[in-house]
C-alpha cells in the first residue's frame, strides 16, 4: 500500500473521531492547559488506538516478535529518559519501503521498514525515535489543533493528518483547506516548524541520556537532505514530513557536540533486525542472498554474524532450506548468547517438518532465555500443533512484552484457551484479536458469546461487560 492511501485512512479516522470527543479551544495561560482544552491525554490515547487499529486492519504492521521486541526495547530505553517515563508508548514497524516515521496521538509511534534500512547505525534510528517521542511528550498534536481555534474541527483534523504523515500531499491539503482557511493552515504549519525544532532539541537530550550518539539525529537528517537533492522524483517522504534546513542540521550538530562525545556500538539486535527486514523486503530472495554472501566476506565480528544470518534467511526464503538450517546451526554453536539465531533455526526446522529438532532447539533455548518473547511465541505455536495446549497456555501467559500484544499472540492465546476448556478467556482473546484487526462487530459478538457462557465467573462478567460497553460506544458514536 502506498503512503498516500495511509494518509487518507488516518485523515478519515481523525475526522470521524475528533467531533465525538466534544473538543473545544479555550485560550488558557499555560500551553499544557490549552492542549488539554482541545484533547485530553485519555482522548489522545483513544484516538491513537483507533488509528492504530485502522493501520493494522490494512495489514501494514509487521507482526514479527523479533522486530517488535527490538523496536519496543529501543523506544522504551529513550522514553525512560523523558520527564514522563510512565507514559504508555507503543512502537511498531510499518511494512513500507519509503523512508518515513510518524507519531500518532497517545504515544503510538510508527517507523517504516524503509527508514530502518536507511539507517547506517543504531544511533541514527534512535535519533528518529527520540524526535517522534518528543512530539508525544510535548503534546504537539493537541497543541497544533489548539493553534487553529476557531477553525472547523473536522477540517483541522484533515490538515493535521496531512502535516503528521505527509505534509505536502496536494489532494489531502487541498480538500482540507477549502473554504478560505489559508491563514489558519499557515498558522498550523508554522507551529509545525517550531515543534520540529523542539523535538530535535529535547530528542538529542534523550539520546545522550540513553547512551546513544547524540550526533546520530543530525547525521541522519543530513543524509536524507542530501539524498533528496539528487532524487529525480522530488523530495523524499521523510524530508516532506520532517522539513530539514541546513540551519536546523547545524543546530542539531552543535547541540550534540555540547553534550560531548559518545561512542556506542550497534547492538546485535539492530544488526539482525536490519538483515531480516532486508531479506523480507527484497524483490528476489536470490538478490538478498548474493548481497549477504558478499557482505559476509567483507565484514568481521558482529556484522559478519549478521551477514551470515541474512544469508541463511535469504536461502530459506529462496527454498534452499537445507543449507540454511546448516548455516544457522553453525551460527548457534559459535554464538550461544544470541537468541534470535535459535528462533530462526527453529523456524527453518519447522518449515522442513523437522519438528523433533525444532522442539529440542526451542526447549533448550528457553532454558537459557526463559523470558524471550520470540522464542516463547514460536514454542507455543509448535506445542499447539503437537497437541500440548496446556503447556502452550502456560507459556503464553508468561510472555511479557512492552507495548501491545501482537495479532499472533492473541490468536495463539485464543487457540490455547479454547483447547484447554477456558472458553470465556478464548472469547476475550478473540474479541481483542478482532478489535486489533479492525473488525469491531465481530469483537462485540465475541464478548456477547462470552457473557452467555454458563461457567462465567463474576469477575469475568464485570470485565466482559465493561469492555462490551466500551466497544458499543465506539460503534454507536
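The values are calculated or read from the model by the stated rules, or taken from the named source; none is laboratory data. From a predicted model like this one, the values you see are computed outputs, not experimental measurements. A quick note on method: Cβ atoms are made from the backbone with ideal geometry, for glycine too, and the neighbour counts reach across all protein chains shown.
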Residues (surrounded by fewer than 19 Cβ atoms within 10 Å (Cβ to Cβ) and in contact (Cβ under 8 Å) with a residue 12 or more places away in the chain) located in region 297-318: 302, 303, 317, 318
Select from region 339-360 the residues that are assigned to a helix (DSSP H, G or I) and free of Cβ contacts under 8 Å to residues at least 24 places away in the same chain and write down the one among them that is surrounded by the most Cβ atoms within 10 Å (Cβ to Cβ). 345
Of all residues in region 441-459, which are over 12 Å from residue 425 (Cβ atoms) and either in contact (Cβ under 8 Å) with a residue 60 or more places away in the chain or assigned to a loop (DSSP other than H, G, I, E, B) (or both)? 452, 454
Of the residues in region 396-413, how many are part of a helix (DSSP H, G or I) and surrounded by fewer than 22 Cβ atoms within 10 Å (Cβ to Cβ)? 4
Residue 130 - would you say it is in contact (Cβ under 8 Å) with a residue 24 or more places away in the chain, part of a loop (DSSP other than H, G, I, E, B) and in the same structural domain as residue 194 (by TED's automatic domain parsing)? no
Any residue at all in region 363-385 that's buried (at least 19 other Cβ atoms within 10 Å of the Cβ) and more than 25 Å from residue 418 (Cα to Cα)? yes
If a residue has to be surrounded by fewer than 20 Cβ atoms within 10 Å (Cβ to Cβ) and part of a helix (DSSP H, G or I) to count, how many in region 209-218 make the cut? 1
Would you mind finding the one in 331, 313 that is over 29 Å from residue 388 (Cα atoms), assigned to a helix (DSSP H, G or I) and either at pLDDT below 95 or in the same structural domain as residue 277 (by TED's automatic domain parsing) (or both)? 331
Could you count how many residues in region 77-92 are surrounded by fewer than 23 Cβ atoms within 10 Å (Cβ to Cβ) and either in contact (Cβ under 8 Å) with a residue 12 or more places away in the chain or under 11 Å from the mean Cα position of the chain (by Cα) (or both)? 9
Out of all the residues in region 259-280, which are surrounded by fewer than 17 Cβ atoms within 10 Å (Cβ to Cβ) and not in a helix (DSSP H, G or I)? 260, 261, 262, 263, 264, 265, 267
